[in-house]
Structure formats: C-alpha cells, structure tokens
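Every number in this text was worked out from the coordinates using simple rules, so none of it is lab data. Since the structure is predicted, the reported quantities are computational estimates derived from the model, not experimental observations. Cβ: placed from backbone, ideal geometry, glycine included. Neighbour counts: every protein chain shown.
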Amino acid sequence: MTNEERVRAYWDRVWSRGQVEYATEFYTPTFRQNGAEVDALEFAEGARSWRAKFEDFEASIERLFVLDDGIATQVTYRGRHTGDFVRVPATGKDVEATGLDVFLFEDGRCVEHLHEADHYTMFMQLGAPPTPEAAG
C-alpha cells in the first residue's frame, strides 16, 4: 500500500466510517501531532469521542498532494451535531468545516501529523462563537 492509499484509507475508515481502530495501524504506537507526543490508542479513543458528537460524520478529501516523505490533504468535514460539547449542548444543526493536514511517514506508518481544522467556522455554525472565557 502506498502512503497515498494509506491516507485515503485513514480519512475513509477512521473519520467517515468510524473504524477508529485503523488509527493504530496508520500511526506508529507513539507519533507526533502538532509537536506533541501522542499515543495512537488514545488518539483512536479521541476520534471515537469526536465522531460520537456528530450523526453521519464524514471527511471528504478535496485535494491531496504527494510529498517526498508524506502526504498533504485538504478535507471537508460534515455532520449533524447530536452530541454535547462541554459548553455547547447538541444543536441538531448540520455543520461543514475544512482542515489541512500533513502526514509524514517512515516504514509505511505515520510518524508525524500536522493538523489544522477550522473549528471557528464550525462553532459559528452551531451558534456558539468562541469567547475569551471559553479559551481560559
């Protein structure tokens, strides 16, 4: 399987189909995400928790770029907000937000993941704009 195929499977299996256990095959047991060390099992549970807040959650690849040692993607996330966040109860609203990701690989597994998502737009769609109090 190529790194491109791995990334396509990651977005489809983990995020669109909810097969979060695939994250433990995709990532090394410990990997770096945005500079922090992350345990792949904990990441999988975090993905399960995030997806549980949205009905029909999916991630669609809009653009994919093959790099020397990795893959970059632009994705669009969609779903209906049916689970509570700490400060935002379920709204039943449909949301759509974008994300940019860079995955770096060694020996067929992701060792580093740079991730940015437009949570601001998502929370605006939920009628819950971020406030300075929420950041603290």
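What the table below lists for this structure:
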| item | result |
| --- | --- |
| Distant-in-sequence amide H partners of Gln19 (H built 1.01 Å from N, under 5 Å) | Val14 |
| Cα-centre dipole for the chain with unit charges at Cβ (Lys and Arg positive, Asp and Glu negative), debye to 20 | 480 |
| Relative exposure of His119, His113, judged by other C-beta atoms within 10 Å (fewest first) | His119, His113 |
| Sum of -39500 (n - 2.57) over DSSP H runs of 4+, divided by residues of the chain (222 nm, nearest 500) | -6500 deg cm²/dmol |
| Paramagnetic reach from Phe65 in the range 88-116 [backbone N under 11 Å; point 7 Å along Cα→Cβ] | 101-102 |
| For the range 3-126, alpha-carbon Rg over 2.2 N^0.38 Å | 1.04 |
| Inter-site label distance for Gln125 and Phe85 at 7 Å from Cα along Cβ, in nm | 1.2 |
